[in-house]
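Novice: Would you mind keeping the following structure in view while I ask a few things?
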Amino acid sequence: MGEEEKKSRGRNLRSTERIVYDDRSETPSENERGRDFNMEEKLKSNSYNHKHIKELKGPDLRICYFQKNGFSTPILVKDKTGLGLRVPSKNFTVMDVKACVGGRRILDVMDVESQNSLHMSVKDWIEYYTKPESRTKLLNVISLEFSHTKLSTYVEQPTVIRQIDWVDCVWPLHLKDSQSEGTNALDKMKYPKVQKYCLMSVKGCYTDFHIDMSGTSVWYHVLHGSKFFWMIPPTSSNLQIYENWVMSGKQNRQFFADLVPDCQRVRLSAGWTFFIPTGWIHGVYTPEDSLVFGGNFLHSFNIPLQIEIASLEDRTLVQNKFKFPFFTEMMWYCAERYCSLLLNPPLRSVTPENQGTPEEIKKEDGSTESETQTQIKKETLNDLDLKEEAKESPDVKEIKPKVPKKIYMTPFEIEGLDILINWLENLPSNKRHVPSEVRNAPQLLKKLKELVDQHRNDPPELAISDEPLLAWPARKRGRGMSNMYSSCTGSRIMKRSKGINRLGPNTPNGSNGVESQIGDKGKGSHHHRRVRCKKCEPCTRTDCGECHFCKDMRKFGGPGRMKQTCISRQCMAPLLPSTAACYYCDSGEGREAPPYLDDIQEANDLLMECSICWKISHPRCIHAKDSSLPAGGLCEDLPASWECPFCQKNSSKIHKEAWTGDNPVSEDGIASVPSPPEAATPCPKILSLNEYLNANRLSEVVVRPAPIVPPPLYVKQKGGGYHVFEKEIWQRIFEFLDKKSLVNTMCACKAFCRWLMDRRYWYSIDVSGRPLNTFILTGIVRRQPLSVNLSNTNVSREQLEWLLMRLPHLEHLFIGSNSMAGCSALAKVHTSRLRTLDLSWMEGLHDDAIRLLLPTPSLTAISQKLKFISGISLSGTDITDSGVYHVVRHMQILVKLELAYCSQVSDNVLTGMTEAKHLGHVVLTGCHQLTNKVLEPLKDLHSITILEVNHCKNVSSSICQAVMTDLKGKNKSITICYGQTMSSYPRLADIVNDLIEL
């Protein structure tokens with residue numbers, strides 16, 4: 001049809017092609033036209049002052065909190081101490097993020113104005129972030145997941161999150177362990193990689209109101225900068241308003257917080273940690289450049305809302321890349337895990353704490369809880385011959401039987417599993433996504449429903465165990481460091497290992513065109529070990545004292561076997577040593593290479609280490625030897641690291657296999673090269689414990705331990721005869737010796753050594769001020785004393801726990817001038833015979849630590865511990881009146897309480913002692929906050945007979961005299977020690993010998 005023919009019809013046809021609008025179009029959309037509301041007004045408005053957020057301290061956020069209250073309220077923790085959270089120090093910057101994840105990692109960057117995403121490399125993003133003057137747009141990074149990168153080593157979720165996160169306790173371990181890809185590519189993802197995110201925002205960034213993917217909860221720690229949050233609870237009406245607001249497409253015209261009746265605005269400062277529960281609608285504004293670490297997780301304490309939010313995402317047409325990966329599969333794994341746990345409860349050790357309780361719970365069949373537990377123990381111990389090694393010790397191994405653990409479920413779990421079963425049953429066939437590990441899905445749901453019905457009447461108070469229910473059995477950790485991963489390719493960073501040919505068996509003499517470096521006697525045989533850069537953030541930190549490498553160090557009470565640096569101090573950019581020299585010219589010129597290079601041409605005069613053959617050389621020297629070789633390729637994992645031209649040309653296949661992560665990796669981190677195919681060998685059968693014992697049992701031979709030889713009655717002399725003094729005479733003589741002389745006497749002969757092991761000589765052992773070691777701890781256990789003084793010994797938690805478990809007759813314990821971290825073992829070990837406890841001048845001992853040592857009876861079954869203490873010293877600690885009240889209320893037979901020089905104690909300290917029926921001696925010496933008002937409660941305290949207020953400058957002598965006279969007139973005798981002189985009454989440590997004699 002010609003042009004003239006078109007005009008003759010009288011229609012104006014379109015002369016251009018039709019515009020197709022999609023996400024990549026340059027035409028501005030509704031959201032790209034700017035916001036119709038002023039953000040500054042929203043930041044200053046007083047309309048968002050509802051109180052929804054609960055503030056807690058780090059030690060209070062434990063799993064028992066969720067078991068008791070669920071997780072439906074946002075939680076703010078201003079001090080991360082006690083959370084178990086590990087993050088880099090304040091010196092960590094976005095440049096360190098680039099060093100950890102690599103400059104070529106592709107990021108999803110959000111345009112703040114349009115709320116649309118675009119792609120940018122880490123290198124380009126860091127350049128944008130560090131140059132504020134060149135910012136033409138507001139860009140925001142909120143989805144950098146860094147698991148399986150170097151950065152993952154420096155960040156660890158809070159302890160309670162690791163205990164309840166379904167990715168850690170529900171998802172199969174073998175699938176999670178098989179993950180090697182550092183990015184979030186769905187086709188290479190083996191488990192939901194949503195646990196660790198890095199958020200980098202510039203000033204002015206705003207993330208519109210949203211609900212985190214599939215109803216996941218979030219932990220959120222602000223390292224630098226600050227954040228504003230608008231928090232809206234997920235009520236039915238609010239969720240309906242949110243759904244209508246999302247589907248309207250007018251997000252930039254309406255500020256969602258103005259559409260709902262209840263909203264709270266909160267500002268998070270640097271160092272604060274925020275926990276957002278399931279379904280909470282929130283918007284975020286960044287008033288200054290910030291760096292944040294966080295993560296998403298599913299859990300068992302709000303399953304109904306998690307499923308409801310997942311359905312809401314389907315109705316609002318959320319893209320798959322913004323949803324929780326493998327959400328349906330996770331639900332199936334959760335059902336399978338609960339079913340397996342309820343059918344086969346884990347075993348627990350039989351200890352005096354769980355052998356029975358004074359109050360027996362009646363069951364429906366008339367039997368008691370203790371009778372049922374006893375029957376279970378008998379049946380289990382008859383069928384299984386299971387034994388458990390005690391904690392590692394030099395000579396002693398304690399054997400304990402195990403019985404099935406009684407499981408109680410919280411109301412939140414029972415309600416959630418009901419909804420979960422119903423949701424899985426009603427899934428259409430095309431959306432069921434049943435994992436291959438779940439064999440029979442209908443039978444699984446049917447059995448789980450029966451098991452949930454059996455636990456429907458579980459007492460809620462018994463379900464508060466402060467222990468994770470779904471945790472996998474603990475696995476032994478290897479000696480080596482945790483696997484590191486390359487940020488660009490997802491492959492592991494290969495490490496050198498002495499005597500290993502990295503070019504494979506097909507290379508003749510280990511060369512294949514490259515001179516062999518291993519086994520040569522010349523300069524090529526030097527194995528260079530990189531050194532710290534002493535500039536990156538981890539290099540400037542101190543040891544954390546919490547990771548498994550720190551716990552192995554001798555300064556933290558460990559054996560010192562691993563000899564590895566702290567996980568938080570692993571250098572990000574280790575450099576070549578000062579002795580490094582070029583393999584060809586033997587020159588050390590160019591050793592100071594910059595941390596990162598943009599082009600291989602910049603490295604022409606620098607010393608570079610090959611990541612495959614490990615040779616160190618100048619690129620110019622290689623090309624001077626053979627100009628036909630390729631230029632080589634940079635490796636961003638380490639400074640001064642590259643793929644040399646020889647390896648690039650002659651070992652391309654091996655290089656590809658080593659850096660794509662397809663080959664298995666040995667324990668030392670070196671990718672192994674596949675060997676030639678051989679005949680397949682059948683896998684050996686894995687025997688159970690009973691099969692193993694039956695296979696190795698000797699039916700006709702019974703092996704019994706050798707009997708203990710009794711000690712001799714006489715001392716054998718060198719000449720062959722025996723001394724005239726018999727054993728009883730020598731023992732009477734030994735009673736006049738002090739402890740040091742006894743130790744020297746034990747070295748005289750074997751008879752003396754055995755005789756002096758009698759407990760009569762070692763009722764009291766004092767090792768205060770000495771560093772503890774294996775010999776000291778073993779010697780204390782062999783002597784079984786009644787009193788042990790471990791003051792100022794820097795005892796670790798493992799050492800104290802090991803020691804107390806083996807001293808069943810211990811009555812007096814002195815562990816003052818140590819850290820609370822080490823003395824926390826008192827909360828785990830049964831110490832019912834303990835009568836005297838000295839915790840004076842203990843670092844970190846405050847009210848929260850007291851509640852840890854003296855748990856509330858309603859929260860845990862170990863409330864009987866430390867209940868029969870008659871004398872306790874808390875002098876020089878940070879305990880307050882509330883903590884003192886908790887101590888007095890728990891220790892019902894307390895006689896003497898020392899609170900000398902406690903700076904936090906006030907005039908109300910005696911008010912909380914009205915319930916103490918036996919408390920007769922209270923020491924308040926040097927408490928500078930005390931005034932004359934502290935004496936007022938004495939008229940109501942009938943048990944106190946001695947009160948020491950020496951060196952309290954605000955307590956007058958005349959008032960003390962008047963109070964004593966007044967009480968004496970009421971037939972109440974009390975002695976008040978006052979003034980600037982020291983009291984004549986002895987302290988607990990001074991009367992321990994008298995207590996032992998009694």
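Novice: Going highest first, how would you order 891-897, 245-251 by mean Cβ packing within 10 Å?
Specialist: 891-897, 245-251
Novice: Stick to Cα atoms and the Kirkwood definition of Rh, then tell me Rg/Rh for the range 781-931. Intermediate values should be presented prior to the final figure.
Specialist: Details: Rg = 14.6 Å, Rh = 15.4 Å.
Rg/Rh: 0.95.
Novice: Keeping all protein chains in position, work out how much accessible area Ser628 exposes to a 1.4 Å probe, and write it in Å² to the nearest 10.
Specialist: 80
Novice: In the full protein assembly as shown, how much of Lys203 is accessible to a 1.4 Å probe, in Å² to the nearest 10?
Specialist: Accessible surface of Lys203 is approximately 130 Å².
Novice: R0 = 22 Å: FRET efficiency of Arg833 with Arg889, Cβ-based, nearest 0.05?
Specialist: Efficiency computed from Cβ-Cβ geometry: 0.55.
Novice: Give me the percent relative contact order of the range 49-325, please, defined on Cα pairs under 8 angstrom at least 6 residues apart.
Specialist: Numbers: 526 pairs, mean separation 70.3, N = 277.
The value is 25 percent.
Novice: Tally Lys/Arg at +1 and Asp/Glu at -1 over every other residue whose Cβ is under 11 Å from the Cβ of Leu935; what's the total?
Specialist: It works out to a net charge of -1.
Novice: Charges only on Cβ, +1 for Lys and Arg, -1 for Asp and Glu: so what's the dipole of the range 33-114 about the Cα centre, in debye to the nearest 20?
Specialist: Using only the charged Cβ atoms, the result is roughly 380 debye.
Novice: Would you mind getting me the FRET efficiency between Lys917 and Lys939? Use the beta-carbon distance for r and R0 = 22 Å, nearest 0.05.
Specialist: Step by step, r from the Cβ atoms, then E = 0.85.
Novice: If you average over every viewing direction, what projected area does the convex hull of the Cα atoms of the range 765-834 give, in nm²?
Specialist: Answer in nm², one decimal: 3.9.
Novice: Would you mind calculating the gained length between Asn908 and Lys131 on full extension (0.36 nm times residue separation, minus the Cα-Cα distance), in nm to one decimal?
Specialist: 274.1 nm
Novice: Taking the Cα centre of the range 529-589 as origin, work out the dipole magnitude from +1 charges on Lys and Arg Cβ and -1 charges on Asp and Glu Cβ, in debye rounded to 20.
Specialist: 280
Novice: With a 1.4 Å probe and all protein chains left in place, how much accessible area per residue does the range 765-834 have, in Å²? Mind showing how you got there, number by number?
Specialist: On the way: 2540 Å² over 70 residues.
Each residue of the range 765-834 exposes 36 Å² on average to a 1.4 Å probe.
Novice: I'd like the distance between the alpha-carbon centres of the range 739-776 and the range 158-217, rounded to an integer number of Å.
Specialist: A separation of 56 Å, based on Cα centres.
Novice: Hey, any idea what Rg/Rh is for the range 711-761, computing Rh the Kirkwood way over Cα pairs?
Specialist: 0.95
Novice: Counting heavy atoms of the protein chains only and a 1.4 Å probe, report the per residue accessible area for the range 49-325 as a whole number of Å². Walk me through the numbers before you get to the answer.
Specialist: Working: 9810 Å² over 277 residues.
I get 35 Å² per residue for this part.
Novice: Now for a different question. Sorted by mean Cβ packing within 10 Å, highest first, what order do the peptides 908-918, 711-721, 409-419, 956-966 take?
Specialist: The packing order, highest mean first, is 409-419, 908-918, 956-966, 711-721.
Novice: Sorted by accessible area with a 1.4 angstrom probe, largest first, how do Cys753, Cys550 fall?
Specialist: Ranked list, largest accessible area first: Cys753, Cys550.
Novice: Counting only heavy atoms of the protein chains, get the accessible area per residue of the range 711-761 (1.4 Å probe) and round it to a whole Å² value.
Specialist: 74
Novice: Let me ask another. Let a ≥ b ≥ c be the square roots of the eigenvalues of the Cα gyration tensor of the range 49-325; is it rounded (a/c under 1.5), or, if not, prolate (a/b larger than b/c) or oblate?
Specialist: Numbers: a/c = 1.27, a/b = 1.08, b/c = 1.18.
Judged from the Cα gyration tensor, the range 49-325 comes out rounded (a/c under 1.5).
Novice: Stretch His50-Gln254 to full length: gain in nm at 0.36 nm per residue minus the Cα-Cα span?
Specialist: 71.4 nm
Novice: Would you work out what percent of the accessible area of the range 711-761, with all protein chains in place, is carbon or sulfur (probe 1.4 Å)?
Specialist: Carbon and sulfur: 57 percent of the exposed surface of the range 711-761.
Novice: Report Rg(Cα)/(2.2 N^0.38 Å) for the range 228-310, keeping two decimals.
Specialist: 1.20
Novice: What FRET efficiency would be calculated for the residue pair Arg554, Ser89, taking the C-beta separation as r and a Förster radius of 25 Å, to the nearest 0.05?
Specialist: 0.55
Novice: Oh, and also: In nm, to one decimal, how far is the modelled label at Ile106 from the one at Asn457, with both set 7 Å along Cα→Cβ?
Specialist: Each label point lies 7 Å from its Cα, and together they span 6.0 nm.
The values are calculated or read from the model by the stated rules, or taken from the named source; none is laboratory data. What you see is a predicted model, and the numbers here were worked out from it, not measured in a lab. So basically every Cβ, Gly included, is an ideal-geometry build from the backbone, and we count neighbours across all protein chains shown. We work out accessible area using only protein heavy atoms, side chains counted, and drop any ligands, DNA or RNA first. Shrake-Rupley method; radii C 1.70, N 1.55, O 1.52, S 1.80 Å.
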